[in-house]
Every structure is written in structure tokens, then in C-alpha cells.
Amino acid sequence: MKRYLLHRLWQSLVTLLLATIVVFLGVRALPGDPALALAGEDRDPESLRAIREQYGLDDSVLVQFWRFVSHAARGDLGVSIRTGESVSSMLKSALPVTMELSLLAIAIAGVIGVGTGVVAAVQRGRPAEWAANALALLGLSVPNFWLGLMAILYLSVALGLFPASGFVPFFSDPIGNLHHLVLPALILGTGLAAVIMRQTRSSMLDALSADYIRTAEAKGLPRRAVIGRHALRNSLIVVITIVGLQLGALISGAVVTERIFALPGFGKLTVDAVFQRDYPVIQAVVLVTATAYIVINLLVDLLYSVIDPRIRVRGES
């Protein structure tokens, strides 16, 4: 297990280094000059030269990259070009909102997706399966932004069941926090729930037709134990893969949902930074997202080895 873990950690570090290079070069490939945006109407050569010197924009790419990496390794992500605020403090205020929204969306999607997937597999060819497939198709087909607008119109404005916008910190008011986030999380998790449902159903159907399931049934195990302890557990690898990958995607893909519900998360921070050519903020947001992907993939691989020890053995060979 130790050798397998070290091997995966090494791969993750290499991937993170490559992601850092891509992020750094990609941000500098964006059109526009941040010095011009900062100068405003005062765009004489002396002002532009002073701005570039202040923020290190006139240094070579290699010098800028080394400064970025060395500071990031110490937890210093720089200072926002537009506001002068520490990027780390901006991330500390925005990241918890997006993380909480993503985790809540994952939880909702997991409960709905796994539950309906198991029912669809066990009730194959019956109305329950048809209803589950119809809901999954609806979840995959309807765009989140449209669903969010309809939810605000009917559930928030017309019925007043949920707030239409805003955010309350969890430690200030836990009930109010969940009240504000349940609706956005439900909207964000609909597509993921549909994917989890389809994959759970497919994996469960394969598991239910396996020899070990017939052996367990022949030994007289209750149907619930056969489904829960044997069929579902062996179907979880596919589900864990999807949940792990989608959690990273939700952190970066929650931009639209956060903008619709006016949540102060990564969405607002990213959009504002892109329009303002705020290099340090863009770099930090993308780097944190890439790091989240890598860490989550590492955790998913470790969960694989716990659920199925054969994967750990193959990884060590």
C-alpha cells in the first residue's frame, strides 16, 4: 500500500507541475494588456512603464514563472492588480461558498442518482424503471441555467419557499445557510444525478447477472442483503469515479449557478478577474481548481484500492 501511495503521489506532483505551466502560459495568452486597463485614461508611456515595473509585467516569462511558483509554494498567490487585495484572502472568502455548494450538490445527486439507479436495476422492465429513465433523460437534457431561472420564478418568487439570491455563512446561521443553498445545489446536482443514475443502473444490472450473486441467492441470503452488500458494493467503483471527477468539475463549473443565485463564490471572482485582466486572480483560481482535480483523483484512486484490493496489487506490480 505504501509503494502504491508513493507512486500515485509522484504522478500527482508531476501533473500539478504541468498544470501550473499550462495555467501560467494560458493566462498570458489572453488578449489585452493589464497595464492599459490599470492606467485608465492616463496612458502615457511613463505611467505604463511604472505600472509594468510595479507588477513585474516587464520581466521575462521565465522570471515571472519562477516568481509565481516560488511564491505559490509558500502560500503567497500575489496581490490583485485591480483591487490591491491579497489573492489568498479573496480565495478564502470565495472558496468555502463554492466548496459547500459543490459538496451539497454532490450529496443530493448521490442520494437521488444511486437510489433511482438501484430501483431501476431491480425493477427492470417495470414502470419504476421507465420513470427513472425518464427523469434521468430530463436531467441530462434541461440546461442548468434555464432550470435555475424557472426554480427562482416559481419556487422563490411565486411560492416563496426559498430565497431567490444571497448567501449566509454557515457558522453565522446554519439553518439560513442551508435554506439559501438547497435550491442552487439541487439545480447544480440535477445533471450529475442523471449521470449517476444511468451508471448505477448499468453497473447494477451487470452485477445482478454475475455468478456470485446467484451463489448468494442460492445460499438463502435475503434479497436486500444480496443487493446492498454484494451487488451495490461492487457497483460503487463506477459511481466513485463519476463523483470524484464531477466534484472537481462542479468547483469550476458552478460559475453559471452562482451567477444566477448571486452567490459570492468562484463564479463572480472568476468572471470579474477575466474581464479585468487580473492575472494573479485568474492564475490562482485556475491553479486551485486544477489542484482540486488532482487531489480528488488521488483520493478516488485510494478509495479504489480500499473497495477492490486487486487494483492496489496491480498498481504495485
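The values are calculated or read from the model by the stated rules, or taken from the named source; none is laboratory data. It should be emphasised that the depicted structure is a prediction, and the values quoted were computed from it without experimental measurement. Positions of Cβ are generated from backbone atoms using ideal geometry, with glycine treated the same way; all protein chains shown enter the neighbour counts. In case anyone asks, the SASA skips ligands and DNA or RNA and just uses the protein heavy atoms, side chains included. Shrake-Rupley method; radii C 1.70, N 1.55, O 1.52, S 1.80 Å.
Among the candidates LEU140, LEU188, single out the residue that is at pLDDT below 90 and surrounded by fewer than 20 Cβ atoms within 10 Å (Cβ to Cβ). Before the answer, list the steps.
Values: LEU188 fails: surrounded by fewer than 20 Cβ atoms within 10 Å (Cβ to Cβ).
On inspection, the qualifying residue turns out to be LEU140.
Screening the candidates LEU57, LEU95, LEU103 for the property of being open to solvent by less than 70 Å² (accessible area, probe 1.4 Å) and under 29 Å from the mean Cα position of the chain (by Cα) yields one hit, LEU95. Taking the stated definitions as given, is ARG198 basic (Lys, Arg) and surrounded by 20 or more Cβ atoms within 10 Å (Cβ to Cβ)? Yes; evaluated as a whole, the condition is true for this residue.
What is the number of the single condition among (1) under 17 Å from MET99 (Cβ atoms); (2) open to solvent by 60 Å² or more (accessible area, probe 1.4 Å); (3) among the acidic types (Asp, Glu) that GLU217 does not meet? With (1) under 17 Å from MET99 (Cβ atoms); (2) open to solvent by 60 Å² or more (accessible area, probe 1.4 Å); (3) among the acidic types (Asp, Glu) applied to GLU217, the lone miss is (1).
For the range 60-92, taking the residues that are among the β-branched types (Val, Ile, Thr) and in contact with a Ser or Thr (Cβ under 7 Å, 6 or more places away or on another chain), the one that is most open to solvent (accessible area, probe 1.4 Å) is identified as VAL79. Residue selection: ASP278 satisfies the criterion of being among the acidic types (Asp, Glu), in contact (Cβ under 8 Å) with a residue 40 or more places away in the chain and outside the structural domain of THR15 (by the TED database). Here GLY125 fulfils each of the conditions (1) more than 19 Å from the chain's Cα centre (by Cα); (2) in a helix (DSSP H, G or I); (3) of a type outside the set (Lys, Arg) apart from (2).
Report whether or not ALA132 is open to solvent by less than 30 Å² (accessible area, probe 1.4 Å), at pLDDT 85 or above and under 30 Å from PRO96 (Cβ atoms). Talk me through it step by step, then tell me what you get.
Working: open to solvent by less than 30 Å² (accessible area, probe 1.4 Å): yes; at pLDDT 85 or above: yes; under 30 Å from PRO96 (Cβ atoms): no.
No: the conditions fail for ALA132.
Taken residue by residue, the range 166-183 has no member that is in a helix (DSSP H, G or I) and of a type in the set (D, E, K, R).
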